[in-house]
Amino acid sequence: RAKETGKARCVVYTPRASGPTEDDISLEAAMFKAVREGEFMLYYQPIVDAATREIEGFETLMRWKHPTIGMVPPARFIPLAEANGLINLLGAWALKAACVQLRHFEDAARRPLYISVNISPRQFRSDKFLDVLDDALAYSGLPGERLVLEITEGTLMTDPVHAEAILGKMAERRARIAIDDFGTGYSSLAYLKNFPISVLKIDRAFIRDLPGSQKDGAICNAVLDLARHLSLSVVAEGVETEEQMQYMGERGCRYVQGYLTGKPMAANVAVAALTERHYRDVIRDVRKDVTRD
Ligand code: C2E
Ligand code: MG
Ligand code: MG
Ligand code: MG
């Protein structure tokens with residue numbers, strides 16, 4: 001394969017199953033250009049209160065709009081960025097831009113919301129991470145408590161000693177920590193005891209077959225029970241049907257996120273949704289006043 005890619009390029013021989021494919025290599029080259037050209041953007045998916053259906057916050061999801069191939073999904077480019085280190089740059093941008101964006105969302109909604117941002121293992125390990133976090137908060141003026149940082153169990157477990165130190169620093173800044181894709185990684189429940197975690201996001205693998213699946217139901221109930229006793233919030237990911245929403249809501253899951261209550265959307269679409277909602281409330285209040293007079 002080294003010969004096929006030609007020229008004076010160094011290609012490491014690795015089994016095809018685990019090594020980079022030629023598509024990966026050209027995608028990677030395109031990625032550096034994409035950073036320069038500004039082809040990356042952020043989408044926002046509503047996180048909704050299951051009881052009131054109010055938007056309480058948004059998860060920030062990165063998108064790459066390639067000029068010829070179109071939308072490249074994060075599952076395709078995040079692992080490459082993680083491998084070549086570009087994730088540090090992209091992640092720093094995402095964090096800062098998301099904090100700034102939240103201020104606009106709050107202006108449109110006229111109430112406090114929160115923003116959730118995914119932090120990759122490599123970003124979390126980087127010794128620049130706390131500077132990046134401080135810069136995002138200072139630049140945006142966002143109070144730390146309105147920021148949620150999503151990390152996975154794997155991020156915590158690879159180096160628990162380092163993780164504990166960083167999580168402590170995040171807590172000092174009042175940013176909350178969410179465990180993303182909860183229940184799907186290699187982990188030990190001991191981290192819930194030792195680390196300052198605030199939110200569990202139940203992976204959509206456990207939501208998908210609800211309410212039919214008894215096993216998934218049992219797992220969700222156990223997580224909700226655990227969260228209740230540890231005073232953690234729970235977000236159900238990947239809620240696509242009314243039945244799933246009702247099932248989780250009835251069992252005490254406060255927040256849901258999924259296609260049912262809103263797909264990931266461009267910032268201007270999210271602002272429109274928040275503004276429309278705000279005006280509906282204003283009109284309702286005015287009507288009440290008018291009928292009272
Ligand atoms: P995640 O953090 O678990 O994000 C949730 C994913 O589930 C998103 O996929 C979202 O579009 C999708 N999703 C939400 N609701 C539903 C639903 O009802 N049904 C289904 N089938 N899917 C739903 P997306 O945007 O493709 O992102 C995939 C993953 O890529 C994310 O999983 C996250 O691990 C990673 N990612 C995305 N943006 C970033 C980022 O800015 N930084 C880092 N480090 N990772 C990111
Ligand atoms: Mg996430
Ligand atoms: Mg997730
Ligand atoms: Mg997930």
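Points worth noting:
- Gain upon complete extension [residue 230, residue 268; 0.36 nm per residue less C-alpha separation]: 10.0 nm
- P(r) weight above 19 Å for the stretch 211-271, C-alpha pairs, percent: 35
- Cβ-defined net charge surrounding residue 146, 12 Å radius [Lys, Arg +1; Asp, Glu -1]: +2
- Given charges at beta-carbon only (K, R positive; D, E negative), |dipole| of the chain in Debye: 400
- Dipole of the chain, positive end: most advanced residue of 222, 83, 160 [Cβ charges, Cα centre]: 83
- Sorted by Cβ density within 10 Å, fewest first, the residues 25, 78: 25, 78
- Applying 1/(1 + (r/R0)^6) with R0 = 35 Å to the Cβ-Cβ distance of residue 131 and residue 36 gives a FRET efficiency near 0.90.
- Subtracting the Cα-Cα distance of residue 158 and residue 188 from their residue separation scaled by 0.36 nm leaves 9.7 nm.
- DSSP beta bridges fully contained in the chain are about 40 percent antiparallel.
- Distance-filtered residues of the stretch 181-214 - backbone nitrogen under 12 Å, label point 7 angstrom along residue 277 Cα→Cβ: none
- Helix axis angle, 74-84 relative to the chain longest principal axis, alpha carbon, degrees: 50
- Ranking 73, 31, 60 by how far each Cα lies toward the positive end of the dipole of the stretch 22-80 (charges on Cβ) leaves 31 at the top.
- Listed residues 21, 261, 241, most fluctuating in the chain (Gaussian network, C-alpha, under 10 Å): 21
- Virtual spin-label span in nm between residue 84 and residue 221, 7 Å along Cα→Cβ: 4.9
- Residue among 98, 30, 175 with the largest mean-square fluctuation in a Gaussian network model of the chain, springs linking Cα atoms under 10 Å: 30
- Placing unit charges on each Cβ (+1 for Lys and Arg, -1 for Asp and Glu) gives the chain a dipole about its Cα centre, and among 121, 206, 190 the Cα reaching farthest toward its positive end belongs to 121.
- Prolate/oblate/rounded call for the chain, Cα gyration tensor, a/c under 1.5 rounded: prolate
- FRET E, pair residue 209, residue 23, Förster distance 51 Å, beta-carbon r, rounded to 0.05: 0.95
- Over all Cα atoms in the stretch 141-293, the spread is summed up by Rg and Dmax: 18.7, 65 Å.
Values quoted throughout were computed directly from the atomic coordinates according to the rules given, and no laboratory measurement underlies them. Since the structure is predicted, the reported quantities are computational estimates derived from the model, not experimental observations. All Cβ positions, even for glycine, are placed from backbone atoms using ideal geometry, and neighbour counts span all protein chains on display.
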